[in-house]
Amino acid sequence: MQTSSHESSLDVAPPSPASPAVSTNDYRSGRANAGQRRRNRNCEYWRVDAPSHSATTSSLERGWDPSLLEEQTDVRTIDFPTVLFLDPALLQHSLVETSPATGTVPQCILQLLGDLDEIQLTATRFFEHVHQWMPFISKKRFYDLYLQPSFRSRPDVALLLLAQKLITTFPPAGSRSPRTALYNSTKHFYLNVEGCFSTLVLQAGVLVALYELGHGIYPGAFLSIGTCARYAYALGINVSRTVPSRRVLTLVEVEERRRVWWAIVILDRFVSIGCPGRPFATADPKLDDFLPADDAAWDQGTLKPDMFSTLSSPMTGHMSKFALLCQAARLLGQVLHHLSTDFTGEDDVGIQLDRTLQSMLAAALNIDCPDYDQITFVYSALVALHTPWLLSDTVQETETHHSRRARFILQQITERISANLIERKCFLGRDPEDMSPWGLYFAYRICGAHMRIGSKSAHGLEVVRSLRERFMSIDVRWNVAGVYLQLLEAQEAINMKA
């Protein structure tokens, strides 16, 4: 029984002729009229007319449409999600019929999307840039099933298309807020469509959360990621096998559900990288969890059972770039867990995490075509591990083991940045449209650490100068880069007063 991107219903039988139905509105109106007659007052009621063209245009400019929030007046139904949560045993007897989740896509959303040619351009841009470092939407399924004129009657498809347009649209220049009309419209439409109970809605939610994370929209990013995690669990993604969910009949769809869960895990860890201690919305990956399969095979829809591997037994040969990023996200989760606990002494756990991250970083750099986004993610995890001592007033001292280690790590990372990210242009000199936001955190922390200790070394000064210049150029793509620049200026002001 197919249920993804579907809605099902059990219509409640209409009242019999012998007992005519009285609507709730009629009943309330009758009581109101009686009350007004008793008080000798005239009865007046507001009439809600259809919005005029000018009102619709004004709403579109504000980024939302009143019709999206209208109360539903359809016949009361029992849909698939309700039965799934209240009594899933009924589904085993096929008592709930399913049908494609169709509906009316508001005109203001269609205007934002544009015609099919414009939508195709947006999709091309998405798969050429964002998809390269966050591949959780099946390219083949998307083009075969969803990039069709029928999207006008599929709210969940329209939402995913709108989210793709959002994530590929550069933010406003200058100091204008990234909470644009397009962003507000996407958020409101998401609230209206989330009941479709569709993987497409979940994927759109992930793109919205990624937009918020990349543009420094808080606490929106943190809350949106939590919503995505709950939605994934509701769909039966990465939950106990005892939880009923829809049947998945193809390996490509199995892989897509797995990748969207890993995408949520990545965002769930990274959103807390600067403030460890908040609980994750997703459970820690287990050793028997499957990693993403080969990226090219998945895009082409040619997956085979022997392409899958687990965290405990990763493939020894070629591994998916996305799988490597997932492993780095798992390590970041362990780093954040470690930093949120009280630890003293030699800190064996921290030392082991440092070694593992260093090994992963060396392996990622020593290949012909390094994955720069994975490299910067690992750098951010490594810097996060040592941030408590990079920020400590004892960094300049040599009396403690942790302070000596922090100074060594700062020097080591600075030299690696100079050699790999500046000279080889792994981080600097890239097209901002191709870049992920993963490297901005570590760049900010390295600049801040050098500013705190008043670095005089040539490497340190050059790295800080280059990274700050890059923040300004990346700000055209990810507004959080500009936010980090403002935070660095605040640190400079504090250091001058100290």
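So for the range 249-367, considering every pair of alpha-carbon atoms, how many percent are separated by more than 20 Å? List each step's numbers first, then the result.
Working: 3412 of 7021 pairs.
Roughly 49 percent, once rounded to a whole number.
Using packing as a proxy for protection, rank 486-494, 286-294 so that the peptide with the highest average count of other Cβ atoms within 10 Å comes first.
Working: 486-494: 12.6, 286-294: 17.8.
Descending mean neighbour count gives 286-294, 486-494.
Mind ordering 158-171, 211-224, 461-474, 377-390 by average Cβ neighbours within 10 Å, highest first?
377-390, 158-171, 211-224, 461-474
Distance check, please: which entries in Lys139/Lys304; Lys187/Lys304; Lys140/Lys165; Lys286/Lys321; Lys165/Lys304; Lys140/Lys286 exceed 25 angstrom between their Cα atoms?
Going by Cα-Cα distance, Lys187/Lys304; Lys165/Lys304; Lys140/Lys286 fall outside the 25 Å limit.
Sorted by accessible area with a 1.4 angstrom probe, largest first, how do Asp87, Asp306, Asp368, Asp373 fall?
Output order, biggest surface exposure first: Asp368, Asp306, Asp87, Asp373.
Mind grabbing the accessible area of Arg330 for me, 1.4 Å probe, Å², rounded to tens?
Near enough 60 Å² of accessible area.
Translational D (Stokes-Einstein, µm²/s) of the range 127-236 at 37 °C and 0.692 mPa s when Rh comes from the Kirkwood sum over C-alpha pairs? If you can, show how the numbers build up before the last one.
On the way: Rh = 14.4 Å.
Approximately 228 µm²/s, per Stokes-Einstein.
What ranking of Phe189, Phe308 comes out by heavy-atom accessible area, probe 1.4 Å, highest first? Working shown, then result.
On the way: Phe189 0, Phe308 40 Å².
Ranked from most to least accessible, the order is Phe308, Phe189.
How big is the accessible area of His459 in square angstrom, nearest 10, if you roll a 1.4 angstrom probe over the protein chains?
100 Å²
Whenever you get a sec, line up Asp342, Asp348 from highest to lowest accessible area (probe 1.4 Å, protein heavy atoms).
So, going from the largest accessible area down, we get Asp342, Asp348.
Restricting to Cα pairs below 8 Å that are 6+ residues apart, what does the relative contact order work out to for the range 180-336? Please round to a whole percent.
Details: 148 pairs, mean separation 30.9, N = 157.
Relative contact order here is 20 percent.
The values are calculated or read from the model by the stated rules, or taken from the named source; none is laboratory data. These numbers were taken from a predicted model, which means no experiment stands behind them. Backbone-built Cβ (ideal geometry, glycine too); neighbour counts: all protein chains shown. With ligands, DNA and RNA removed, areas are computed over all heavy atoms of the protein, side chains included. Shrake-Rupley method; radii C 1.70, N 1.55, O 1.52, S 1.80 Å.
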